[in-house]
1. At a Förster distance of 35 Å, what's the computed FRET efficiency of Asp121 paired with Ala194, Cβ-Cβ distance as r, to 0.05?
2. Rounded if a/c is under 1.5, else prolate if a/b is larger than b/c, else oblate: which is segment 21-90, with a ≥ b ≥ c the root eigenvalues of its Cα gyration tensor?
3. Once fully extended, how much extra length lies between Arg47 and Asp105, figured as 0.36 nm per residue of separation less the alpha-carbon to alpha-carbon distance?
4. Just subtract the alpha-carbon distance of Thr246 and Arg159 from 0.36 nm times their residue separation and send over the number in nm, one decimal.
5. Students often forget the sequence filter, so: which lysines lie under 24 Å Cα-Cα from Lys101 once same-chain residues fewer than 8 apart are removed?
6. Just want the ordering: Ser181, Ser190, Ser104, from fewest to most Cβ atoms lying within 10 Å of their own Cβ.
7. With the cut-off at 1.5 for a/c, could you classify segment 159-268 from its C-alpha gyration tensor as rounded, prolate or oblate?
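What follows draws every value from the coordinates through simple rules; no lab data is involved. Not measured: the values here are computed from a predicted model. Reconstructed Cβ throughout: ideal geometry from the backbone, glycine too, with neighbour counts over all protein chains shown.
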Amino acid sequence: MIRTIVIDDEALARDGILTRLANNPDIDVIHEAGDGAEAVTLIRELRPDLIFLDVELPEFDGFSVLDRVGHDHLPLVIFVTAFDRYAVRAFEAHALDYILKPISDTRFDETLRRVRELLLDESRRERAHGRLVNGLSSLAASGAGEVAGQSPRPTLVQRFVIKDRGRYRFVKTDKIDWFESASNYVELHSEGHAYLVRMTMNELQGSLDERQFSRIHRSTIVNIDRVREVLSHSHGDYEVILADGTALRLGRAYRERLLGSGAVEIRRDRRR
């Protein structure tokens, strides 16, 4: 039996995982937890083989749970969260998997298949444990293991993890042309492709290097290295023109920072 703990602060989310696990007779759910402190206590005391772990938890976040548990008590870890922005840290910590809500049955079953394969092979299980320990140690050393809002120092994003047709695509920040707000998401534009990232514009802006990215409108953030010029129209409006010809509106509230940097050329449009 695979002794399992489900950790999520939302009861409905826990119930969804528990319902799926109930269809697997080799899974023994020994407990569930709704916050980080309870999770640490249960993992230390019950020593599960596997945990399903949310990232954003009361008390402290999922990464802190793993750090506080101690290396000797670490089980296999599957992150289950509504936010894709933590995927890089999860994979750097060598978690077994990272599942986005809402959960796909096919995706969930594939993850359990991987769990079974790993637990049946003791040497592979030991190697997985070693990778998890090393990954968490590296995150702790770099200060990157804390969730936004709980960390004493911000961590700038170096790459984004995009869920694309059942796979995860890694997009480095220096390959990104611009971002645009899209309701509860942000649309990331890179090399002619557009991807959705679940976060707000303010969250995004706080995670980017301000030397490389500049907000030019309440709904737009641009990679300064991609800016070819700023076009000034006769009626007082400005447009930011990217290297590929994309034209983006420059809001009045954001002009001073971009134009005052001297990093871009201003050209007057004489056609109007």
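1. On the way: r = 40 Å, r/R0 = 1.16.
Approximately 0.30, to the nearest 0.05.
2. Values: a/c = 1.64, a/b = 1.19, b/c = 1.38.
Verdict is oblate for segment 21-90.
3. Numbers: separation 58, 0.36 × 58 = 20.88 nm, distance 2.68 nm.
Gain on extension, Arg47 to Asp105, equals 18.2 nm.
4. Details: separation 87, 0.36 × 87 = 31.32 nm, distance 2.25 nm.
Using 0.36 nm per residue and subtracting the Cα-Cα distance, I get 29.1 nm.
5. Partners within reach: Lys163, Lys172.
6. Working: Ser181 16, Ser190 20, Ser104 12.
Lowest count first: Ser104, Ser181, Ser190.
7. On the way: a/c = 2.03, a/b = 1.86, b/c = 1.09.
Verdict is prolate for segment 159-268.
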